[in-house]
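**Q** Got a structure for you, written out below as structure tokens; questions coming shortly.
The values are calculated or read from the model by the stated rules, or taken from the named source; none is laboratory data. A quick note: this is a predicted structure, and the numbers were derived from the prediction, not measured. Cβ sites come from the backbone with ideal geometry, for glycine too, and all protein chains shown count toward neighbours. Ligands, DNA and RNA are stripped out before the accessible areas are found, and what is left, the full protein with its side chains, is counted by its heavy atoms. Shrake-Rupley method; radii C 1.70, N 1.55, O 1.52, S 1.80 Å.
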Amino acid sequence: MKLKLIFGLLLSIMFLPLASCDSDKNGPNIEGKWDDNIKLSQKTANFSSESNSITITSEYDGWWLNGIALNKVGVDLSNINKLSKDFVVTNSEFQVERKDGKTIIITMNKNATNAERVLSISLQNGDFFNSINVVQAK
């Protein structure tokens, strides 16, 4: 009798990890498939070639800055605390400011080039990724 009990217990221990992991594969929080936990008020903006600004808010303040690119060229953020609730990224072409964790102010300077400009701001919270894309006319 003890042998059957020990054998049953060993089988249960061996298969328990398989059963518990399997249910997570279909859940909302598998890697790259988290629900929107930033909740931006707006994800895109179109500007004229003149100097423009927009204020975007988030419902949650736990996100951090993942990166910024202008025309697909990454911007150096080594001097920025990307986890801070308040920061300012200043560039000759734009400024991105985060205030109080939930407010993002994006300013694009006048576009004097003869090409459209695209500013992409990447945000992250856990395994949820989101971005804001600003297109400025030529």
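**Q** Inspect all residues belonging to segment 14-33 and state whether any of them is at pLDDT 70 or above, open to solvent by 40 Å² or more (accessible area, probe 1.4 Å) and part of a loop (DSSP other than H, G, I, E, B).
**A** The answer is no, given that none of the residues of segment 14-33 is at pLDDT 70 or above, open to solvent by 40 Å² or more (accessible area, probe 1.4 Å) and part of a loop (DSSP other than H, G, I, E, B).
**Q** I'd like the full set of residues that are at pLDDT 95 or above and small (Gly, Ala, Ser), limited to segment 122-136.
**A** Selection gives SER122, SER131.
**Q** Additional query: Count, please, the residues in segment 104-124 that happen to be open to solvent by less than 50 Å² (accessible area, probe 1.4 Å) and in contact with an Asp or Glu (Cβ under 9 Å, 6 or more places away or on another chain).
**A** Residues that pass the stated criteria total 8.
**Q** Before we move on, is LYS110 over 19 Å from LYS138 (Cβ atoms), of a type in the set (Lys, Arg) and at pLDDT 95 or above?
**A** no
**Q** May I ask you to list the residues in segment 107-129 that are within 16 Å of the chain's Cα centre (by Cα), more than 12 Å from TRP64 (Cα to Cα) and not polar (S, T, N, Q)?
**A** Hit for segment 107-129 is LEU119, nothing else.
**Q** Just to be sure I understand, how many residues within segment 57-98 are out of contact with any strand residue (DSSP E or B) (no Cβ under 8 Å at 6 or more places or on another chain) and over 20 Å from GLY126 (Cβ atoms)?
**A** So the answer is 6.
**Q** Any residue at all in segment 77-85 that's at pLDDT 95 or above, over 17 Å from GLN42 (Cα atoms), of a type outside the set (A, V, I, L, M, F, W, C) and surrounded by 14 or more Cβ atoms within 10 Å (Cβ to Cβ)?
**A** Taking every residue of segment 77-85 in turn, at least one turns out to be at pLDDT 95 or above, over 17 Å from GLN42 (Cα atoms), of a type outside the set (A, V, I, L, M, F, W, C) and surrounded by 14 or more Cβ atoms within 10 Å (Cβ to Cβ).
**Q** What are the pairs with Cβ atoms under 7 angstrom where one residue, in segment 112-138, is acidic (Asp, Glu) and the other, located anywhere, is open to solvent by less than 50 Å² (accessible area, probe 1.4 Å) and part of a strand (DSSP E or B)? Sequence gap at least six, or different chains.
**A** GLU116/VAL135; GLU116/GLN136
**Q** Another question about this same structure. So which pairs qualify, if the first residue must be in segment 70-82 and within 24 Å of VAL135 (Cα to Cα) and touching a residue at least 12 places away in the same chain (Cβ under 8 Å), the second must be open to solvent by 60 Å² or more (accessible area, probe 1.4 Å) and not in a loop (DSSP other than H, G, I, E, B), the Cβ gap must be under 8 Å, and the two must be at least 6 apart or on different chains?
**A** What qualifies is LYS82/TRP64; LYS82/ASN66.
**Q** Taking into account only those residues within segment 86-103 that are in a strand (DSSP E or B), touching a residue at least 12 places away in the same chain (Cβ under 8 Å) and over 14 Å from ASN52 (Cα atoms), which is most open to solvent (accessible area, probe 1.4 Å)?
**A** Once the filter is applied, the top-ranked residue is LYS99.
**Q** Okay, moving on. So in segment 35-74, with the set limited to residues that are aromatic (Phe, Trp, Tyr) and more than 11 Å from the chain's Cα centre (by Cα), which one is surrounded by the most Cβ atoms within 10 Å (Cβ to Cβ)?
**A** Going through the qualifying residues, I end up with PHE47.
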